[in-house]
Amino acid sequence: MRFNPKADISGGRVKDVRGGGGGGGMGNLPIGGITGGGIGTTIVVIIIFVIMQFAGGGSGAGSSGPAETTDRYEQCQTGADANESADCARVAVALSLEGYWAKVLPQQTGKQLQATQIITFTGGTTTGCGSASADVGPFYCPTDMTIYLDTTFFEDVLEGQLGGQGGDFVEPYVLAHEFGHHIQNLLGTMGRVRTQSGPTSDSVRLELQADCYAGMWTRGATGTTDQSGVQIFESIDEGDITEALDSAKAVGDDRIQKQGGGDVNKEQWTHGSSEERMRWFTTGYNATSIKQCDTFATDNL
Ligand SMILES: [Zn+2]
């Protein structure tokens, strides 16, 4: 992956916050259907988690007052910056995701893209879905239409606990998956989720579809541009696709269950197997229409 040094990435909607909650940890995050202990718990949440419901009435925030935005991304102005720093790469990827879906969504569904944003935090923060602690992997909160992530997740969990191979395209895959949940939110797909676990559950279908959408963006990313029409990416190569697939494999439910030292129990699946996740990413990568990502319309997950 290489960004175009000349691209203007200053419009990327990413901000970093400090303070403002975290006191309650995961306990306040009503993550339905999460089962298993230890690594399993961390992981299922992971990547990729979508918070489907949230406790009504109050966010359950910590006592430290409103979060403050930091200057973490102030230096991220160009594609050259994105080539130099993972923080700026995140900003550039956010801009590319927005550009891609702002075009593809209306073309293929007639719906307009609504703004989302990415908020990074350290330790904990308050979200529209309750308090998030560092234990929680990247997730999308439909209530405030925001993607949240503690960036230590990638090294500590995805490469550490889950044994992913890493690489600079791991995070773009994860962000694209979360952005996929935003697309599902806008399309009303999230409201179709009734069954929360099991190999053909709605939850698994939702997650595999987000992987499929991530594949679609990966294929189209090199065509995305900044506000002046300058390409954001210079290249996304085979190695990047391999990294995305390896990450999809690392977060498969069967893999996570094995890494946690337990047996593979399909009835507890919420995100799909490694094989399914890789396959749906690939389906999206090769898709010519968003309809090909309709995981709700097939029995062949
Ligand atoms: Zn997800």
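Remark: accessible surface ordering of M145, M190 (largest first) is M145, M190, probe radius 1.4 Å. Were the residues from E155 through Q259 laid out at 0.36 nm apart, the gain over their Cα-Cα distance would be 35.8 nm.
Along the charge dipole of region 66-184, pointing to its positive end and built from +1/-1 on Cβ of Lys, Arg, Asp and Glu, which listed residue (L162, A86, I119) has its Cα farthest out? About the Cα centre, the residue reaching furthest to the positive side is I119. Residue by residue, region 272-287 carries 3J(HN,Hα) couplings of x, 6, 4, 4, 5, 5, 5, 5, 6, 4, 5, 4, x, 4, 8, 6 Hz when phi is fed to the Karplus relation 6.51 cos²θ - 1.76 cosθ + 1.60 (θ = phi - 60°); x denotes Gly or Pro. Summarise the accessible area of region 235-280 (1.4 Å probe, protein heavy atoms) by the percent that is carbon and sulfur. Exposed carbon and sulfur together represent 45 percent of the surface. With a cut-off of 13 Å between beta carbons, the residues surrounding I290 carry a summed charge of +3, where Lys and Arg count +1 and Asp and Glu -1. Residues whose amide H lies under 5 Å from that of G128, counting only those 5 or more places away or on a different chain, are D144; hydrogens are built 1.01 Å from N in the peptide plane. Summing Lys and Arg as +1 and Asp and Glu as -1 over all other residues whose Cβ lies under 11 Å from the Cβ of Q75 gives a net charge of -4.
Counting heavy atoms of the protein chains alone, R13 has an accessible area of about 110 Å² for a 1.4 Å probe. For region 116-217, what is the charge dipole size about the Cα centre, in debye to the nearest 20, if Lys and Arg each add +1 at the Cβ and Asp and Glu each add -1 at the Cβ? Here the size comes out at about 540 debye.
Calculated accessible area for region 112-253 comes out at 31 Å² per residue, all protein chains present (probe 1.4 Å; ligands, DNA, RNA ignored). The Cα center of region 186-215 and the Cα center of region 242-259 differ in position by 17 Å. Gain on full extension, evaluated as 0.36 nm per residue between M145 and E267 minus their Cα-Cα distance, stands at 41.0 nm.
Only the Cβ atoms of Lys and Arg (+1) and of Asp and Glu (-1) were treated as charged; on that basis the dipole of region 223-271 about its Cα centre amounts to roughly 300 debye.
Couplings 3J(HN,Hα) for region 80-86, derived from phi with the Karplus relation 6.51 cos²θ - 1.76 cosθ + 1.60 (θ = phi - 60°), are 4, 4, 5, 6, 8, 9, 5 Hz, where x marks Gly and Pro. Applying 1/(1 + (r/R0)^6) with r as the Cβ-Cβ distance of S85 and R219 and R0 = 22 angstrom yields a FRET efficiency of 0.30. Only lysines eight or more places from K6 in sequence, or on another chain, were considered; those with a Cα closer than 26 Å are K15, K103. Can you tell which of Q259, V193, C212 lies farthest toward the positive end of the dipole of region 179-300, using +1 and -1 charges on the Cβ of basic and acidic side chains (Lys, Arg; Asp, Glu)? So the residue furthest toward the plus end is V193. For region 101-242, the square roots a ≥ b ≥ c of the C-alpha gyration tensor eigenvalues yield an a/c under 1.5, which makes the shape rounded. In this view, the solvent-accessible surface of D81, computed with a 1.4 Å probe and all protein chains in place, comes to about 50 Å². Using C-alpha pairs below 8 Å separated by at least 6 residues, the relative contact order for region 147-257 is 32 percent. Distance between the 7 Å Cα→Cβ label points at Q117 and Q165: 3.7 nm.
The values are calculated or read from the model by the stated rules, or taken from the named source; none is laboratory data. From a predicted model like this one, the values you see are computed outputs, not experimental measurements. Note that each Cβ is placed from the backbone with ideal geometry, even for glycine, and that neighbours are counted across all protein chains shown. The area values use the complete protein model at the heavy-atom level, side chains included, leaving out ligands, DNA and RNA. Shrake-Rupley method; radii C 1.70, N 1.55, O 1.52, S 1.80 Å.
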